[in-house]
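Okay, structure first, notes after.
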Amino acid sequence: MTLTPLATNYPHKMQLYLSLTRMHHIRSASKFRRLKAFAESAKVSGFAKKGRPGVLVYDGEKDEIRTFLSNARSLRYLDFHHVDTVPLPEDTKTRIANGRIGLQDAEDMGELVKILDSVGMKHWFRQNMGMAKGP
């Protein structure tokens with residue numbers, strides 16, 4: 001996967017945030033289509049892992065993330081948790097889904113770890129998902 005420089009996608013300077021949401025599972029095809037539509041309309045960019053657990057990792061401006069979360073909560077996923085949102089470091093040159101608006105499918109947790117490692121956020125992801133090794 002090649003990552004797109006931020007400047008290519010956004011000529012104006014803005015603060016991007018990275019957000020993590022998990023739920024018990026993502027199985028319903030109709031709910032998943034609506035979730036993807038909410039991501040597109042809010043203009044967030046990221047990945048979704050279907051199955052159990054369901055995991056969403058996405059970036060965008062603070063208001064975009066807020067809008068997406070509000071809409072996603074309306075789907076009433078079981079055990080829906082907005083785990084964390086952090087500002088991406090200003091020196092971050094890439095977005096996790098090449099800035100492509102909407103949610104792309106991730107096959108498994110390993111793929112999400114690799115994606116987040118590519119933007120220097122692997123430790124943050126592993127820690128927030130309870131996957132961190134050692135103390």
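Every read-out reported here was derived from the displayed coordinates using simple, explicitly stated rules and does not represent laboratory data. The structure presented is a predicted model; accordingly, all values stated were derived computationally and were not measured. Glycine also receives a Cβ, built like all others from the backbone with ideal geometry; neighbour counts cover every protein chain displayed.
Pull up all non-local amide H partners of L16: gap of 5 or more, or a different chain, and H-to-H distance under 5 Å with H placed in the peptide plane.
Here L88 satisfy the definition.
Which residue, H81, N71, T94, has the largest displacement toward the positive end of the dipole of the stretch 64-122 when charges sit on each Cβ (Lys, Arg +1; Asp, Glu -1)?
It is N71, whose Cα lies furthest towards the positive end.
Please give the peptides 52-60, 111-119, 70-78 ranked by average Cβ packing (other Cβ atoms within 10 Å per residue), highest first, as a rough proxy for protection. Don't skip to the answer; put the middle values down first.
Values: 52-60: 22.0, 111-119: 17.1, 70-78: 14.2.
Output ranking for 52-60, 111-119, 70-78: 52-60, 111-119, 70-78.
How long are the semi-axes of the ellipsoid equivalent to the chain, from square roots of 5 times the Cα gyration tensor eigenvalues, in whole Å, largest first? It would help to have the intermediate numbers written out before the result.
Details: eigenvalues 93, 68, 35 Å².
Result for the chain: semi-axes of 22, 18, 13 Å.
Given a 10 angstrom Cα cut-off, can you work out which residue in R95, R22, R34 is the most mobile in a GNM of the chain?
In the Gaussian network model the winner is R34.
With an 8 Å Cα cut-off and a minimum separation of 6 or more residues, compute the relative contact order for the chain in percent. Walk me through the intermediate numbers first.
Numbers: 232 pairs, mean separation 45.8, N = 135.
Relative CO of the chain lands at 34 percent.
Return the lysines within reach of K36: Cα separation strictly under 22 angstrom, same-chain partners fewer than 8 residues apart disregarded; answer none if there are no such residues.
K49, K50, K62, K114
Note down the net charge around S41, summing +1 for each Lys or Arg and -1 for each Asp or Glu among other residues with Cβ under 12 Å from its Cβ.
+1
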